[in-house]
1. How many residues does region 132-171 hold that are of a type in the set (D, E, K, R), surrounded by fewer than 19 Cβ atoms within 10 Å (Cβ to Cβ) and under 14 Å from L204 (Cα atoms)?
2. Among the listed residues P263, P250, P307, identify the single one that is at pLDDT 90 or above and over 19 Å from G31 (Cβ atoms).
3. Does D70 satisfy the condition of being surrounded by fewer than 15 Cβ atoms within 10 Å (Cβ to Cβ), at negative phi and assigned to a helix (DSSP H, G or I)?
4. Consider region 263-303. How many of its residues are among the polar types (S, T, N, Q) and surrounded by 13 or more Cβ atoms within 10 Å (Cβ to Cβ)?
5. If you take the residues of region 251-261 that are under 15 Å from A223 (Cβ atoms) and within 22 Å of the chain's Cα centre (by Cα), which of them is surrounded by the most Cβ atoms within 10 Å (Cβ to Cβ)?
6. Go over the candidates R269, R248 one by one and state the one that is more than 17 Å from the chain's Cα centre (by Cα), farther than 26 Å from Q194 by Cα and without any contact (Cβ under 8 Å) to a residue 12 or more places away in the chain.
7. Restricting to region 84-106, name every residue that is closer than 15 Å to M163 by Cα and part of a loop (DSSP other than H, G, I, E, B).
8. When you go through P287, P293, P307, P280 one by one, which is the residue that is closer than 15 Å to K251 by Cβ, out of contact with any Leu (no Cβ under 7 Å at 6 or more places or on another chain) and either assigned to a helix (DSSP H, G or I) or not polar (S, T, N, Q) (or both)?
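The values are calculated or read from the model by the stated rules, or taken from the named source; none is laboratory data. In this text, all values refer to a predicted model and were calculated from it rather than measured experimentally. Glycine gets a Cβ as well: all are built from the backbone with ideal geometry, and neighbour counts include every protein chain shown.
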Amino acid sequence: MVTFDGVSKVLNGVNLTINKGDLLGLVGETGCGKSVTAMTIPRLVPQPPARYTRGEVLFRGENVLNKQGDTLREMRAQHIGIVFQDPMTGLNPVFTVEQQMVDAILSRQNALSATGFFRGWMPSNRQVRKQAQERAIQLLRRVGIPEPEKRIHAYPHEYSGGMRQRVLIAMAISGRPELLIADEPTTALDVSVQAQILRLIAELVREIGLTVLLITHNIGVVAQLCNRIAVMYAGNVVESGLTADVLRSPKHPYTQGLLKAIPDESIERGELVGVAGSVPSLLNPPPGCRFAPRCAHAREKCTTAFPPARTVEAGHDVSCVLYE
């Protein structure tokens, strides 16, 4: 990615697989490239400043990086829903929730009309807007908004943060997507509302067969909600596998460090151990394994090339020279 300071090498050949029906948790420190990875899937990272120098993003057997214009919009409309981090800025404050949801539903129908799903659709047709409004009310009811027939006419500032996030989830699933990307959907919410939003996502996975990529800093959330986990550091996926396997037996030193930094009732004040150092600048990342400068197990070999992923047990992969 081109910046004023130079070229930032945000992603370093990320190798990540999301299977249909997965609820995959992507974890790592701030600045590790989690959000850029997620936004690369539907090509929402602007080009420029972003530039893809190599690799593929395969979705439903097609390389997203080769899609342009209408075909790219159709793919987003039909198959991918996104919930962004901050519910306070995700809605336009000058339009009602009804206007924004109806427009989102109709824009998806408009994109789908090019594929033949909605032949004869007219954007000025009052009946079509009426149907879209009814669909919006159904969605609000599904995500737990009380009295949706009344609340749909309210403006975003009349909603709490948790209710706004529910509206954004409703908009994201309005096209019945196959993949839902949830980029830290509970960051700005209090603990009780966080639990409600996460419970809602889990219910949607079961009821409508969603596949979810959940980006979060909270490994406890991943442990409770996700069946698979991927640990990311400085543009690389360093460890991935079934959540229970990775959390029970973490292999990469970075994963081990993250888990040691989680407080519990047995730890006294001042005894909590963090990961030494900080995420390196991606303008000039260290050669080889990018975690080597912070790793207690680093060897000379770690600075020559990034270690390839190796399977340490069924479905559990780690990129570290300790397992060569």
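1. 2
2. From the options P263, P250, P307, the qualifying one is P250.
3. Criteria met by D70.
4. Matching residues across region 263-303 total 2.
5. Looking at the filtered set, the residue picked out is T255.
6. Within the list R269, R248, the selection yields R269.
7. Result: F84, Q85, D86, P87, M88, T89, G90, L91, N92, P93, T96.
8. Details: P287 fails: closer than 15 Å to K251 by Cβ; P293 fails: closer than 15 Å to K251 by Cβ; P280 fails: closer than 15 Å to K251 by Cβ.
Exactly one residue qualifies, and that residue is P307.
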